[in-house]
């Protein structure tokens, strides 16, 4: 789908009430994360609203329990448009790093 087609699609989604309908439905789910008794609603929100929306955009979605009992679940979405792009970026990074000055190496070093 080209850029103009995407813009028209989004304009129609908004103009025809799709955005407002989605927003109303999502806001109606009581997802108060600070209230432990609302945990089922948090899962419902992620499983029935957010995950399907992301999957429709070709995301792989996983919902995880929070190891902290005081916190709600996590939703992790991942989408790779072209696996070759990330490999090309890594090759470029290592090529730059190999030829960089010590100061440049310090600036570009990943901080994990």
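Straightening the chain between residue 41 and residue 81 buys 11.2 nm, computed as 0.36 nm per residue apart minus the Cα-Cα spacing.
Taking a ≥ b ≥ c as the square roots of the eigenvalues of the Cα gyration tensor, an a/c ratio of 1.5 or more together with a/b no larger than b/c marks the stretch 15-69 as oblate.
Coordinate-derived values only; no laboratory data. Since the structure is predicted, the reported quantities are computational estimates derived from the model, not experimental observations.
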